[in-house]
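S.K.: Mind having a look at this structure? Questions to follow.
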Amino acid sequence: MNSPNIKIAETDLTNLEKNNLNLKKLVAEISGELEAKNRELEIEAALDKVRSIALAMEKPDDMVDVCRTISDQLENFGVKNIRNVQTVVVYKSEGIYRNYQYFTPYKKSIVEDTEYKKHPTVLQMVLEMERSPDAYFNGSFKGEELKVFREYRKQDDQFPDPILDKSTSLHYYFYSIGQGGLGLTTYQELHQAGLEIFKRFHKVFS
């Protein structure tokens, strides 16, 4: 026969195991909440940097500094394979958009004028940006579409991009700023967390 003392000891051990398990769950929950709060604080600090740069702009070409800052902050949050961050300002009467862009792999700030009607997807992007201040336009180039896009860039004498020449895909994400858009292009598809952070940068900038 089991003695009463043994049964009590077994019961105490079971309760102790349950308490330990509950404590571990509680610690995990608190740790998760702290991690989320710290992440949010980091994002807010990054947004403040972009906001400060945007407010300090004195001339249009200063927009490349905003693009560079957004690129730097996205990389800090683990976003990889960034090709460029760009601000597109459309001049409809001239049929061009002025593209203020920072090419992340080359650490180059470039300002280019582009005749947007030369490429159907670029034209579609411009029309979508003009449609609504809340417009969002995204997609990708692969295979033959990517070859056509590469050729379009070369014919338009745009900034050389050797990495793009070897890539198998190009992905683009644009949010409207009214008379144009704030865009991000990547050599690999952007994960959802990175896209959400970029969206928040857009809200600050716009």
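The values are calculated or read from the model by the stated rules, or taken from the named source; none is laboratory data. Please read these numbers as outputs of a predicted model, since none were measured by experiment. Methodologically, a virtual Cβ is constructed for each residue, glycine included, from the backbone with ideal geometry; neighbour enumeration extends over all protein chains shown. Areas reflect the complete protein model, heavy atoms only, side chains present, ligands, DNA and RNA absent. Shrake-Rupley method; radii C 1.70, N 1.55, O 1.52, S 1.80 Å.
S.K.: Quick check: with the 1.4 Å probe, what order do Thr14, Thr168, Thr121 take by accessible area, largest first?
M.R.: Putting Thr14, Thr168, Thr121 in descending order of accessible area: Thr168, Thr14, Thr121.
S.K.: Order the following by accessible area, largest value first: Ile96, Ile177. Probe radius 1.4 Å; ligands, DNA and RNA are ignored.
M.R.: Most to least solvent-accessible, the answer reads Ile177, Ile96.
S.K.: Looking at the stretch 27-155, send over the antiparallel percent of its DSSP beta bridges, to the nearest 5.
M.R.: Antiparallel bridges: around 100 percent, rounded to the nearest 5.
S.K.: Calculate the dipole size of the stretch 103-203 relative to its Cα centre from +1 charges on Lys and Arg beta carbons and -1 charges on Asp and Glu beta carbons; express the result in debye to the nearest 20.
M.R.: 260
S.K.: What residue among Ile110, Ile96, Val85 has its Cα farthest toward the positive end of the dipole of the stretch 81-123, where the charges are +1 on Lys, Arg and -1 on Asp, Glu, each on the Cβ?
M.R.: Val85
S.K.: How far apart, in nanometres, would the label points at Lys24 and Asp165 be if each is projected 7 angstrom from Cα along the Cα-to-Cβ direction?
M.R.: 5.6
S.K.: Now, a different point. Report the label-to-label distance for Thr121 and Glu94 in nanometres (one decimal), using points 7 Å from each Cα along the Cα→Cβ vector.
M.R.: Result for the modelled spin labels: 2.6 nm.
S.K.: Another question about this same structure. If you work out semi-axes √(5λ) of the Cα gyration tensor in Å from the coordinates, which of (i) 50, 20, 14; (ii) 44, 18, 15; (iii) 62, 23, 13 do you get?
M.R.: Given (i) 50, 20, 14; (ii) 44, 18, 15; (iii) 62, 23, 13, the calculated one carries the label (i).
S.K.: Helix-derived [θ] at 222 nm for the chain: sum -39500 (n - 2.57) over DSSP H runs of at least 4, divide by residue count, nearest 500?
M.R.: -18000 deg cm²/dmol
S.K.: By the gyration tensor of its Cα atoms, with a ≥ b ≥ c the square roots of the eigenvalues, what is the shape of the stretch 148-206: rounded for a/c under 1.5, prolate for a/b over b/c, or oblate?
M.R.: Oblate, because a/c is 1.5 or more while a/b does not exceed b/c.
S.K.: Next question, about the same structure. Working out 0.36 nm times the residue gap between Val111 and Lys199, then minus their Cα-Cα distance, what length gain in nm do you get to one decimal?
M.R.: Full extension from Val111 to Lys199 adds 29.4 nm.
S.K.: Mind jotting down the three principal axis lengths of the stretch 91-206 based on Cα atoms? Whole angstrom, largest first.
M.R.: The Cα atoms of the stretch 91-206 stretch 37, 33, 26 Å along their principal axes.
S.K.: In the structure displayed, which of Lys92/Lys147; Lys107/Lys203; Lys59/Lys107; Lys49/Lys166 lie more than 31 Å apart, Cα to Cα?
M.R.: Lys49/Lys166
S.K.: Still on this model: Using 0.36 nm per residue, how much length does the chain from Asn15 to Leu41 gain when fully extended, once their Cα-Cα distance is taken away?
M.R.: Length gained, Asn15 through Leu41: 5.5 nm.
S.K.: Along Cα→Cβ, 7 Å out, is where each label goes; now give me the distance between the ones at Asp48 and Arg150 in nm to one decimal.
M.R.: Taking the simple label geometry, Asp48 and Arg150 are separated by 4.4 nm.
S.K.: If you don't mind, there's one more thing I want to ask. Can you give the charge dipole size of the chain about its Cα centre, rounded to the nearest 20 debye, using +1 on the beta carbon of Lys and Arg and -1 on the beta carbon of Asp and Glu?
M.R.: 240
S.K.: Hey, if we sort His202, His191 by accessible area with the 1.4 Å probe, largest down, what's the order?
M.R.: Final ranking, largest accessible area leading: His191, His202.
S.K.: Taking DSSP loops as anything outside H, G, I, E and B, show the longest stretch in the chain free of trypsin sites (Lys or Arg not before Pro) there with at most 15 other beta carbons within 10 Å.
M.R.: Excluding the exposed sites themselves, the longest stretch runs over 108-206.
S.K.: Straight-line reach from Lys24: which lysines fall under 22 Å, measuring Cα to Cα and dropping same-chain residues less than 8 apart?
M.R.: Lys37
S.K.: Related question: How large is the accessible surface of Ile53 in square angstrom, using a 1.4 angstrom probe and rounding to the nearest 10?
M.R.: Around 60 Å² of this residue is reachable by solvent.
S.K.: Another question about this same structure. May I ask for the angle, rounded to the nearest 10°, between helix 63-76 and the longest principal axis of the chain, with both axes built from Cα atoms and the value confined to 0 to 90°?
M.R.: Rounded to the nearest ten degrees, it is 30.
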